[in-house]
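Every number here is computed from the coordinates shown, using simple stated rules; none is lab data. Note that the structure is a prediction, hence the values are computed from the model and not measured. Every residue, glycine among them, receives a Cβ derived from its backbone with ideal geometry; neighbour counts consider all protein chains shown.
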Amino acid sequence: MEIGTKLSGRYKIIGTVGGGGMANVYLAHDLILDRDVAVKVLRYDFREDKDIIRRFQREALSATELVHPNIVSVYDVGEEDNFQYIVMEYVPGTDLKKYIVHHFPIPYQKVIDIMEQILSAVSDAHRNRIIHRDLKPQNVLIDEAGVVKITDFGIAVALSETSITQTNSLLGSVHYLSPEQARGSMATKQSDIYALGIILYELLTGNVPFEGESAVSIALKHFQETVPSVKAFDGRIPQALENVVLKATAKEASDRYQSAEEMSADLTTALSPQRASEPKFEPASMMEDTKILTPIPVVEEEEASIVESETPNENEKVSKTKKSKNKKIVIFSILAVVLLLVGGFFAIAMSGPKDVKIPNVTGLTEDQATSKLTEAKLKVGETSQEANSDVEEGKIIRTNPKGDRTVKENTKIDLIVSTGKATEKFGNYVGEDFQVVKAKLTNAKYDIKTPVEVFSDSPKGQIIEQNIQSGQEVVPSETQIIFTISKGEQGYVMPDMSTYSKKDVDDIASAQGLKATYNYDYSNTVAAGLVMAQTPQAGETVFRGDSISVTLSNGPKEVLVNSVTKKLTLTYVAKKTSSATAENSQTTTDSTSDSGNSSSSSSSSSSVAPVNEPSKFEVYIEDEENNFNSPVITKTITATEVIDVTFKIKEGGTARYKILRDGVEIESNTVTQ
């Protein structure tokens, strides 16, 4: 399928992921939901096979019913141009096969963690009556966070009906094929468990147990040869862990784990010190007594050669008679021996141990089980303990061999006694990512509650506290976990510091872990010592370790004021008084004089000259000390005068003045330095 192709006008193909026995997988982008998806498209050579198409669609639809954190989700199923396709969750990461190649050897605890996630997914599928049928590392994906997801649930059934001679398509799967599948029988839950045992073998050794030149030769080994010992490969592997492999890969399905949950429970405690001295697992089907039958000899008759002459005589007749009698004696002797042997055989058989059925003692106490086994003429063998969530502490979980099987009298029956629900030491998860821990503990059946989120210096999503102490023994299924996780660092919202002093800024910087730098400038509006500018601005959020910049005011800048003296001319305009007026004035003035002086007055009047009327001058100036509100100089004169006026002017500034004569402005101008 070409890059850029759109399926149903929605899924745009943007790359190739890989291919398998019956389908090719592409990376596509969902144009509607704006997310990357994986699209599995049925191979071209199968698109005309209606039976495979029908099964492909049916099994794909059934897979959509599986909703589990360790199962790849199926979003959609469709058809485009006669191509059948399935749209699935895209898991960025790698498959388990490549993971083993790049990470081997893998720590035992990591192996168990991977297997527990796989078993959790398989268990959920089995509960939904879906059998995978094609479990193999290539169908197990691991994302970047270490979360395991299984794909291709149930879809392998379509391919299982094709010939096993399709080496190219089945060679990868046949390494994990159960003996019953190799013999052509239907796959069961125990078939999936067998495949899981092979996957566990590969995780521990880095290789599959059986190799061959063809798929057929490998399939034959699955039901003819025993899986090799993992301890022979790595002597450090605990016997309990090898026992999980041996039990999961037992040739008889009845000897394997009866469920994925049972295998998971056994695997969980495989590294426990309490199981350090566990004996090697032996399948129950291989432990039954072999019936020994005494062979019955085959009697061959000796043929007497009778040579007859053409003319017999009496001696020959006598000889024949004797030989005939001897022959009868021999035959009767042999028959007697045979009868004795047969009788002896039956006598021994009748007197030997009889076959008895092992009673079912599950749920009984050890004493009750012993009594019941004794009544059945059986002996109690070894007694071991095992955790079990379904069987009460002190009661029998099962026997080995299992109940209801037929064995000989006096056979030793081992008892497995329950220690109650399995407990485990709770780990220390402080400092780990919450989502990764949640997936792991959910698979282990813990009840993970919504976490408490708080601001912290720790990275966002990191666990900073747990309600269960590290090392505390707990029952996972009965334990609620509440983690406190980090919301990330809490920011500090910058205030408006326009009225803050340098000390105020220092106090904030110290309390919030900020680095403050200071600048200084003059201001005519902000008092000296106060903040006049800041970066970041008020309302912006900063975090511990960030830098802030503050500009403090030095107050107004001092400006040099100079004294500038300028000569101003007060121009007088004459306003003369008339003679008559002057005379009248004089007459009025002298009206009280005595009459003796009349001649003298007349003489004086006739000699008075004309006089100038005085003018009032006002000078206004505007400089650093004065404004135009009131005059700085007021003079009444009758003649033009030049006066000196001093102006106070800032450096680079100006002043101005105006002159009023009798209330009328006659001059105005500016003055510079």
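With a ≥ b ≥ c the root eigenvalues of the C-alpha gyration tensor of region 6-89, is it rounded (a/c under 1.5), prolate (a/b larger than b/c) or oblate?
Oblate.
With no solvent and one point on each alpha carbon, what is the Debye value of log10 I(q)/I(0) for region 492-553 at q = 0.12, 0.26, 0.28 Å⁻¹?
The Debye formula, applied to the Cα set alone, gives -0.25, -1.10, -1.25.
Just to confirm a number: summing +1 for Lys and Arg and -1 for Asp and Glu over residues other than D81 whose beta-carbon lies under 13 angstrom from that of D81, what do you get?
-1
Round to a whole angstrom and tell me the spacing of the C-alpha centers of region 366-427 and region 612-633.
Taking the Cα centre of region 612-633 as reference, the centre of region 366-427 is 125 Å away.
Between E262 and E80, what is the label-point separation in nm under the 7 Å Cα-to-beta-carbon projection?
In this crude spin-label approximation the distance works out to 4.6 nm.
Show me the three semi-axes of the equivalent ellipsoid for region 93-272, from the C-alpha gyration tensor (sqrt of 5 times each eigenvalue), largest first, rounded to whole Å.
In descending order, the three semi-axes are 22, 18, 17 Å.
Show me the three semi-axes of the equivalent ellipsoid for region 355-418, from the C-alpha gyration tensor (sqrt of 5 times each eigenvalue), largest first, rounded to whole Å.
20, 10, 10
Using the Cβ atoms and a cut-off under 13 Å, what net charge is assigned to the surroundings of Q117, where Lys and Arg are +1 and Asp and Glu are -1?
+1
Just list whichever of K40/K97; K635/K658; K189/K449; K251/K440; K251/K412; K460/K515 have alpha carbons separated by over 21 Å in the model shown.
Violating the 21 Å limit, Cα to Cα: K189/K449; K251/K440; K251/K412; K460/K515.
What aspartates and glutamates could a cross-link reach from K648, if we take a straight Cα to Cα line under 18 Å and drop same-chain neighbours fewer than 8 places away?
Partners within reach: E558, E622, D623, E624, E625.
What's the ranking of 244-256, 368-380 by average number of surrounding C-beta atoms within 10 Å, highest first?
With the highest mean Cβ count within 10 Å placed first, the list reads 244-256, 368-380.
What distance in nm separates the two pseudo spin-label positions at V573 and A528, each 7 Å out from Cα along the beta-carbon direction?
The answer from the label model is 5.2 nm.
Could you work out the mean projected area of the convex hull around the alpha carbons of region 399-533, in square nanometres to one decimal?
Computing the convex hull of the Cα atoms and averaging its projections yields 13.2 nm².
When the Cα centres of region 61-101 and region 207-261 are compared, how far apart do they sit, in Å?
28
Assuming R0 = 45 Å, what is the FRET efficiency of E409 and I106, from their Cβ-Cβ distance, to the nearest 0.05?
The value I calculate is 0.40.
List the trypsin sites (Lys or Arg not before Pro) in region 410-486 that DSSP assigns to loop (not H, G, I, E or B) and whose Cβ has at most 11 other Cβ atoms within 10 Å. Which are they?
For trypsin sites (Lys or Arg not before Pro) across region 410-486 that sit outside H, G, I, E and B with at most 11 neighbouring Cβ atoms in 10 Å, the list reads K449.
Work out, step by step, the length gained on full extension between N612 and K635: first 0.36 nm times the residue separation, then minus their alpha carbon distance; give nm to one decimal.
6.7 nm
If the cut-off is a Cα-Cα distance under 18 Å, which lysines reach K650, setting aside same-chain residues fewer than 8 apart in sequence?
The qualifying lysines are K557, K566.
How big is the convex hull of the Cα atoms of region 424-486, per residue, in Å³?
Hull volume over Cα atoms, normalised by residue count, gives 66 Å³.
Measure up K12/K149; K247/K354; K149/K231 against 26 Å on the Cα-Cα distance and list the ones that go over.
The answer is K247/K354; K149/K231.
What's the extension gain from T16 to K354 if we count 0.36 nm per residue and subtract their Cα-Cα distance?
Separation in residues times 0.36 nm, less the Cα-Cα distance, equals 115.1 nm.
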